[in-house]
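See structure below.
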Amino acid sequence: MMASAVFHRVLTYIEKPTPQYSGRGETALAIAVLPLAFAYKMLDCLYGKEPIPGQPWLYMLLLSAFTALAFSSVLFLATPVGERWVRRMLAENRTTWLASIPSLFVGLFLLLLWGLGLPELQTQSFSMITAPWSQLPLPLFLLLAGGVLTSCFRGGLTMSLKRSSSAPDAPSFGWRQLVCVLLATLPFLFVQEQLPLLWCFTTPVAVTVLVYGSGLGREYFGYSFVPRSAKEALFVLSLLASGLLIFLLANFLVGDITYTGGLWHTSWQRLYDSIFVYLLIVGISEEVLFRCGLLTLVAALFAKKSALGWCLQKPRLSAVLFISLLFGLVHLPRGLLFSFLALLASLLYGLAFVAGKTLFGPVLLHGLLNVLILMNFHLADF
């Protein structure tokens, strides 16, 4: 009876509406990321998997500065200042200018490096040597790529801003907005293989279309990187412990996982580099798309479909299960075992998101679990 009562209380808490967004602490976090990201890129240039110590210091300083600004832009959108700025741009119908910012940022940076004659640019910007555009002059390539990215981003924003004729002022979110997000972000995901730093902007593009373009506030999406309470932080830590126990149990049952202890033997430079990558690159990008985006969408659809029965009563928990299956399938190319572990991890990320109503929990869990597991264990099929 006690276990049933606890389970019922947890379900009730999970399905509660998201509380009003406060924006407290978001500005400080966006500012704090600037020096952290700068240090990450400098260490990555000097001690990373593919260090480039032979490059001029000017190149590494410029690359680190632009990387820091790109990362901070993700968190800037979650500040009250960022929200007011984006909403004003959309209200004034300045979608073209808003959509062109990522392309202008990356394009002007690469033109600066090109003008300084830095050879590293050529190998990064044209990584697919056999592609037909690999022989184009850099300014022409940047012009074409920038035009495509800006047009797609603007198209996604324009579509998401449209309201139904019956209720033009009512915010809505459904399959139309999902198509808008895909239209805006997929070109970034493709072209990022050609242009360094462009991948930093895939998440801001998705967030802008999701949160602001749809007309729904951050309360709907849980787009906040700061915990709402100490209770949420403790809940996330308990999920972290649960995740490690589940992983060790899987190791015991499957037996295809070898403990290496690599985390405890790596240098502090590589450790900082890895934590930053897993936490602020992999964690934020995947959690914005899967939890803030897809999970929220699926939960909203489940809540509307009365024929789904139990899903109607527990739409958020049902969405967690559905997205976890999808998350596991996405990781299937890395092996069946890795896909299964990704599914289990996604359950924890989803629970942290729907319980805490912020991205703080899933992003932190995603980053820490990746660091503790991927750097300490070797998976046979990964």
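When you look at residue 329, is it without any contact (Cβ under 8 Å) to a residue 12 or more places away in the chain, open to solvent by 20 Å² or more (accessible area, probe 1.4 Å) and part of a helix (DSSP H, G or I), yes or no?
yes
Results for (1) of a type in the set (Val, Ile, Thr); (2) touching a Phe, Trp or Tyr at 6+ places or on another chain (Cβ under 7 Å), shown as yes or no for each residue.
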| residue | (1), (2) |
| --- | --- |
| 250 | no, no |
| 257 | yes, yes |
| 263 | no, no |
| 285 | no, no |
| 288 | yes, no |
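Name the one entry in 236, 282 that is surrounded by fewer than 20 Cβ atoms within 10 Å (Cβ to Cβ), touching a helix residue (DSSP H, G or I) at 6+ places or on another chain (Cβ under 8 Å) and in a helix (DSSP H, G or I).
None of the others qualify; the one that does is 282.
Given the criteria modelled with pLDDT of 70 or more, open to solvent by less than 20 Å² (accessible area, probe 1.4 Å) and touching a helix residue (DSSP H, G or I) at 6+ places or on another chain (Cβ under 7 Å), does residue 183 qualify?
Taking the combined requirement at face value, the residue does not satisfy it.
Going by what's in this entry, would residue 253 be described as outside any loop (DSSP other than H, G, I, E, B) and open to solvent by 60 Å² or more (accessible area, probe 1.4 Å)?
yes
Among the residues of the stretch 349-363, which ones are surrounded by 23 or more Cβ atoms within 10 Å (Cβ to Cβ) and either among the small types (Gly, Ala, Ser) or out of contact with any Asp or Glu (no Cβ under 9 Å at 6 or more places or on another chain) (or both)?
Selection gives 350, 351, 352, 356, 361.
Looking at 198, 216, 136, which is the one that is farther than 29 Å from residue 280 by Cα, of a type in the set (A, V, I, L, M, F, W, C), open to solvent by less than 60 Å² (accessible area, probe 1.4 Å) and at pLDDT below 85?
136
Of the residues that make up the stretch 38-50, is at least one in a loop (DSSP other than H, G, I, E, B) and under 20 Å from residue 288 (Cβ atoms)?
no
Restricting the stretch 364-382 to residues that are modelled with pLDDT under 85 and not aliphatic (A, V, I, L, M), which is most open to solvent (accessible area, probe 1.4 Å)?
Going through the qualifying residues, I end up with 382.
The values are calculated or read from the model by the stated rules, or taken from the named source; none is laboratory data. This one's a predicted model, so the numbers in the text were calculated from it and none came from an experiment. Cβ atoms come from the backbone with ideal geometry, glycine included; neighbour counts cover every protein chain shown. Areas reflect the complete protein model, heavy atoms only, side chains present, ligands, DNA and RNA absent. Shrake-Rupley method; radii C 1.70, N 1.55, O 1.52, S 1.80 Å.
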